[in-house]
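Okay, so here's the structure we're looking at.
Rule-based calculations on the coordinates, nothing more; no lab input. What you see is a predicted model; the values in this text were computed from it and never measured. Counting neighbours? That spans all protein chains shown, and the Cβs are built from the backbone with ideal geometry, glycine included.
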Amino acid sequence: MALYDRYLGLRVRLAAGEPPAHVALVITERDLLEQGAYGSLERFVELAFDVGAERVTVYVSVLDEAVLDTVERSVEALEFPREVAVRDPRTPEPGSAPIQINLGLGGKEEFATAVRSIAEAVDSGDLDPDSIEAADIEDRLVFADEPDLVIKTGEERLSDFMIWQSVYSELYFTDVNWRDFRDREFFRAVLEYKQRTRRFGQ
């Protein structure tokens, strides 16, 4: 680790405020084509847990479903410090591992699927429409946990990421592309998070 990165890492640890318990990263399939991209992903997850996170979610925006198998095999071959749940449009069942990797599961479709499930439960008489609460939707999401901090590289947009879950998340956008993402970029995101006052919609 470069000296400046170590300095920022120390600042993160000494800065007042709680670190994000749940860190999310948004990248694209093209980002993973760059040399060293998967190693950077391993490093990102390692850093997140090092600063105090309890959960990490990685969303890979996939436009070409033909590459899903290749990306999934590459991700599953990585070495992570904790249990991993990998999901894609073909395997949308809920997952709750400390490391959650979402390959191309769009937030709009995930939400629509949850709504259809609720409609079916109402139609079958298993759910009273007047008793429907937010928890009924969250129980049907692929990864229901809400990120505290969402880091998006390259462009200032979420790419259809966790529409429901990220509504109160703190967002950090960097124009640094994933191929150039280093420890310092992660530390800057966490430092900014610690300096913010979270309002949760208030």
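Just a few scattered comments:
- Taking a ≥ b ≥ c as the square roots of the eigenvalues of the Cα gyration tensor, region 63-112 is oblate, since a/c reaches 1.5 or more and a/b is not larger than b/c.
- Taking Cα atoms only, the orientation of helix 37-50 departs from the longest principal axis of the chain by about 90 degrees.
- Label zone at Tyr168, where the point sits 7 Å out along the Cα-to-Cβ direction: region 45-82 residues whose backbone N lies under 18 Å: 54-55
- Using C-alpha pairs under 8 Å with a sequence gap of at least 6, the mean separation divided by the residue count of region 55-165 gives a relative contact order of 29 percent.
- Averaged over residues, the count of other Cβ atoms within 10 Å places the peptides 116-128, 24-36 in the sequence 24-36, 116-128, highest first.
- HN-Hα J in Hz across region 63-73 - Karplus 6.51, -1.76, 1.60, θ = phi - 60°, x for Gly and Pro: 8, 10, 5, 5, 9, 4, 4, 5, 5, 5, 4
- Amide H contacts of Thr57 (H built 1.01 Å from N, under 5 Å, at least 5 apart or other chain): Val23, Ala24, Leu25, Gln100
- Extension gain, Ala21 to Arg73, is 16.0 nm, computed as 0.36 nm per intervening residue step minus the present C-alpha separation.
- 5 Å binning of all Cα-Cα separations within region 87-132, expressed as whole percents from 0 upward: 5, 19, 22, 18, 15, 12, 8, 0
- Gyration tensor analysis over the Cα atoms of the chain returns equivalent ellipsoid semi-axes of 30, 21, 14 Å (largest first, whole Å).
- When the convex hull of its Cα atoms is projected in every direction, mean area for region 65-151 (nm²): 7.2 nm²
- Summarising the label geometry, the points placed 7 Å from Cα in the beta-carbon direction at Arg11 and Asn177 lie 2.6 nm from one another.
- When you work out D = kT/(6 pi eta Rh) for region 1-91 at 10 °C and 1.306 mPa s, using the Kirkwood radius from C-alpha pairs as Rh and the Stokes-Einstein form, the result is 108 µm²/s.
- Region 86-157 and region 14-79: distance between their alpha carbon centers, rounded to Å: 19 Å
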